[in-house]
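Each remark here refers to the structure printed beneath this line.
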Amino acid sequence: MGGSVLHVNAMKPNTERRAPIALLLGVLAFCLLLVLLAGQELMFVMRVPALVSEPLPSIRRIFCMSLAATAILALWVVILTRRRDIWSRLLDANESIHVRLGLPARWGRGFSESRVFTILVSVLFGLFGLVTVGIVAAYFYLKGI
């Protein structure tokens with residue numbers, strides 16, 4: 001009986017969850033767009049062998065995608081380290097979406113709120129930052145050749 005009460009309460013409209021749900025869906029759409037752009041760039045590079053002699057336009061596009069991913073991860077690290085209240089609301093919104101769609105939870109909320117998760121996201125942000133700097137260095141190196 002307790003589970004049904006929880007399910008009924010979870011289905012009530014909650015105005016506090018609408019903004020985080022919209023934010024989650026927007027970030028998901030943006031990440032999917034980045035994946036599509038990366039796939040398009042890969043197909044473009046594989047079809048055009050002339051990029052071996054002139055790789056700068058391709059490197060600029062890859063830099064834009066890497067910079068966007070780094071910015072998303074930077075925002076995520078700030079939310080995880082400085083604004084835990086926003087992170088809790090985003091997790092609530094995620095659980096609400098799962099309940100509405102009848103999807104099973106993939107992992108527990110405890111891991112998403114743990115220190116290990118924050119460290120993993122921070123390390124991922126650092127790696128993406130290094131890749132972005134490496135792309136800039138490669139661009140200027142190839143431009144100077």
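The values are calculated or read from the model by the stated rules, or taken from the named source; none is laboratory data. Bear in mind that the values here come from a model prediction, so they are computed numbers and not experimental data. Virtual Cβ from ideal backbone geometry, glycine too; neighbours counted across all protein chains shown.
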*Hey, among the residues in the stretch 132-145 that are surrounded by 15 or more Cβ atoms within 10 Å (Cβ to Cβ) and among the β-branched types (V, I, T), which one's nearest to R60 (Cα to Cα)?*
I135
*Is it fair to say I135 is β-branched (V, I, T), within 18 Å of L67 (Cβ to Cβ) and assigned to a helix (DSSP H, G or I)?*
yes
*Would you be able to say whether some residue in the stretch 113-130 is basic (K, R), more than 24 Å from L34 (Cβ to Cβ), at pLDDT below 85 and in a helix (DSSP H, G or I)?*
no
